[in-house]
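Let me begin by presenting the structure, written as structure tokens, before commenting on it.
The values are calculated or read from the model by the stated rules, or taken from the named source; none is laboratory data. From a predicted model like this one, the values you see are computed outputs, not experimental measurements. Cβ sites come from the backbone with ideal geometry, for glycine too, and all protein chains shown count toward neighbours.
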Amino acid sequence: MKRKHFKSYIGIALIAFSFMACSDVLEEQPRSIYEPGFFQTEKGVNGGLTSLYAHMRYIYGQGYYFNTGLTGTDEYTYAQSADGNFRDMDLSGVGSITPSSSRSDVLWGAAFPNINTASGIIENAEAVGTISDALIAEARFFRAFDYFLLVQTFGGVPLDLGAGVLKFNTNPVRVSVRNTVPEVYTQAIFPDLLKAIEDLPENPRVTGGVTKNVARLFLAKAYLTYAWWLENPNSIPTYPEAARQDPEGNSSDWYFQEAYDIALDGINNPGPYALQETFYDLHLGANDRNSEMMLYADHTEESEYYNAASFSWSNGAAPENFAAWFVTWNYTTIRSAKDAAWTDEVSSVQREAAQAYGRPWTRMAPTIGAITNTFADKTLDSRYDATFVTTFRGNWKKGGVTEEVLYNANGLPVSNGDAILTFLDEDNANVVYPTQTSSKELAGFDYSNVGGGTLSGRSDFVIEPSAISRLRYPTVWKLGTYRTDSGDGLGQPNGALTRPFYIAKFSEFYFIAAEAAVKGASVQAGSSARELINVIRARAGKWNWDNNGNVAREEDNSAAMMAATPVEITIDYVLAERSREYFAEGYRWFDLVRTQKWEELAGSYQIAGRERLDRQAQTINRTIEKYHYLRPIPSGQIDGLEMTEAEKAEYQNPGY
């Protein structure tokens, strides 16, 4: 897809949306610009606050930004139809990350106008006289939220957008000075989140609104990330250059302890949040906005206007939720036949607006290691089955094909709902794949246009984990399309997703506390790293549905899951558990950068090629330099600065 470049200059009051709170939902109303006096009215404050929630849709669910958190990690590489947006991020020699190619520009362009809006609310709301501290705290949360994303991604960023440090700016400015990482954390992120915890309510004022515990989660995560930054175990450079010292004189150990304590506070004071009973229930489309989901970029099936996207078509751009398409291969190329001789082909797995299917773009493919190593346990642990689509089932009747029976692998008949293509849980030496010389005429029922193999007696084509390729791979069920308006047909799979895109979950409190404990935080009785991780693993062992088997499965493997947890938890183990829990949700690059494990865990990966017959895993090496731990400042920002070339060069992160 052709990339669209948008220039935005920090400090400029950019086009935004004004929103008014109404009962328990946020109603959007277009507004061209925020004027200085706008936030000195109750309507203006309410409008600005709703804008803060809406801005998350320009970051989360935006497929190209989604790619920056996953491609190039041990979870994902580029797929067959990937363009430079994905190849560049892979760092495997097929592209390179540059200020003009890095899709972290999505974050930069969305965050700074939002920060300015938040500052406008914070600075002016008190003058209204009727605005509660709790409402102002929502603005403080979002200002910290954006700065936390920015500092993790780019290093130090500007706190002064043209009117002074953390001041609301209304005048266009073309100069900028970057603050250091410690300044961003200690002057912006920590104070705002601490005040937000103090002033926010226990329960959200609107559906999906921020609360004390949402602020606790992000403060604990910020403390954890800053502690790693201070420790700097692998001597990763920072920029702008700054000593790895805290202005308050606190050590990394102090911050690890604070991260543990705040996370445990969040667990012990959950408010309206709680873990779901099963991992499947957590991600089931019909159960969206459940108690575990603490923050999300929302969308709706109730109204195209409030969904900010058509129900039937998509531009593939923010504020739409279209990230799931990029990790979906083109399963619609699967063919079966109307007769056993295979003379009349038909699309047996058609594009459908259902959670297992949706719109395929084939831009990002999971690595073989993610399937075989990260998800090594596919029997006791439910997370593999409730993360991926590994069984593609016939749905041709919904698409108007009238045959009750089609013919598939081994010339065997299949009906609607039967498995047509299956990714096996483990390799099987008995799988027979098509060869270079085979064709429909020569191979008959052994032919698979996507290179699937056969097993004697099975009517579905099969692919082993070691044969996962850039062409075909398990797709991501938990992010998939969910619609209730499809009736008995295929629905409208080309419209952007109407589901919320999840940003923060209650489960992460357990991971933050466990990671801090591994790093030496003093733990409370019953809340050691192993005990915290085992809360998550116990849930992962509970099944109520076999997603890919499409059958009920009432099974509790919690005891076995907990028994299999190592006595001594390491950072590598925490990271592996985080990947199992949050696979394909955009966490991974941040996790690997925070712990400085990126090169170690993702420096090479395995996958087969991009053609139909490619099934031999290749080992691909990545070149991950230390400067890659920061993304480049977008060229749109640099080009818009009215500064000398030397000053612009100094503004950019080294290496780019």
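Per-structure values
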read-out	value
Filtered residues of segment 262-274 (kept if in contact (Cβ under 8 Å) with a residue 12 or more places away in the chain and at negative phi)	I262, A263, L264, D265, G266, I267, N269, P270, P272, Y273, A274
Residue check, G95 farther than 24 Å from T595 by Cα, in a loop (DSSP other than H, G, I, E, B) and touching a Gly at 6+ places or on another chain (Cβ under 8 Å)	yes
Test result for A513, modelled with pLDDT of 95 or more, in a strand (DSSP E or B), closer than 29 Å to M56 by Cα and not hydroxyl-bearing (S, T, Y)	no
Filter pass, K221 being touching a residue at least 24 places away in the same chain (Cβ under 8 Å) and closer than 23 Å to T595 by Cβ	yes
For G480: the one exception among (1) of a type outside the set (V, I, T); (2) crowded, with 22+ Cβ neighbours inside 10 Å; (3) without any contact (Cβ under 8 Å) to a residue 40 or more places away in the chain	(3)
Criterion (over 30 Å from F461 (Cα atoms), small (G, A, S), touching a Phe, Trp or Tyr at 6+ places or on another chain (Cβ under 7 Å) and free of Cβ contacts under 8 Å to residues at least 40 places away in the same chain) met by exactly one of G655, G586, G640	G655
Residues satisfying the stated conditions in segment 244-260, i.e. in contact with a helix residue (DSSP H, G or I) (Cβ under 9 Å, 6 or more places away or on another chain) and either free of Cβ contacts under 8 Å to residues at least 60 places away in the same chain or surrounded by 17 or more Cβ atoms within 10 Å (Cβ to Cβ) (or both)	R244, D246, N250, S251, S252, W254, Y255, F256, Q257, E258, A259, Y260
Any pair with Cβ under 7 angstrom, 6 or more apart, that starts in segment 141-154 at a residue that is surrounded by 24 or more Cβ atoms within 10 Å (Cβ to Cβ) and ends at one that is modelled with pLDDT of 95 or more and aromatic (F, W, Y)	A144/F218; F145/F218; F148/F218; V151/Y185
Residue in segment 119-138 that is within 26 Å of I638 (Cβ to Cβ), touching an Asp or Glu at 6+ places or on another chain (Cβ under 7 Å) and modelled with pLDDT of 95 or more present	no
Hits in segment 309-344 - residues which are surrounded by 21 or more Cβ atoms within 10 Å (Cβ to Cβ), small (G, A, S), under 20 Å from the mean Cα position of the chain (by Cα) and outside any helix (DSSP H, G or I)	A309, A318
The one condition in (1) part of a helix (DSSP H, G or I); (2) free of Cβ contacts under 8 Å to residues at least 12 places away in the same chain; (3) over 27 Å from A496 (Cα atoms) that G129 fails to fulfil	(1)
Of residues in segment 58-89 being charged (D, E, K, R) and buried (at least 24 other Cβ atoms within 10 Å of the Cβ), the one nearest to L479 (Cα to Cα)	E75
Set G95, G109: member being at pLDDT 95 or above, out of contact with any helix residue (DSSP H, G or I) (no Cβ under 7 Å at 6 or more places or on another chain) and closer than 22 Å to F326 by Cα	G109
Pairs with Cβ under 8 Å, 6+ apart, first in segment 312-340 and on the phi > 0 side of the Ramachandran plot, second in a loop (DSSP other than H, G, I, E, B) and surrounded by 20 or more Cβ atoms within 10 Å (Cβ to Cβ)	G316/F322
First in segment 365-389 and under 27 Å from R610 (Cβ atoms), second anywhere and among the small types (G, A, S), Cβ under 6 Å, 6 or more apart	A365/A79; I368/A617; T374/S579; V389/A356
Hey, T300 among the β-branched types (V, I, T), over 28 Å from F141 (Cβ atoms) and more than 15 Å from the chain's Cα centre (by Cα) or not	no
Helices (runs of 4 or more DSSP H) within segment 541-628 that include 2 or more residues surrounded by fewer than 17 Cβ atoms within 10 Å (Cβ to Cβ), at pLDDT below 95 and touching a helix residue (DSSP H, G or I) at 6+ places or on another chain (Cβ under 8 Å)	none
Number of the condition not met by R103 [criteria: (1) outside any helix (DSSP H, G or I); (2) farther than 27 Å from Y296 by Cα; (3) among the basic types (K, R)]	(2)
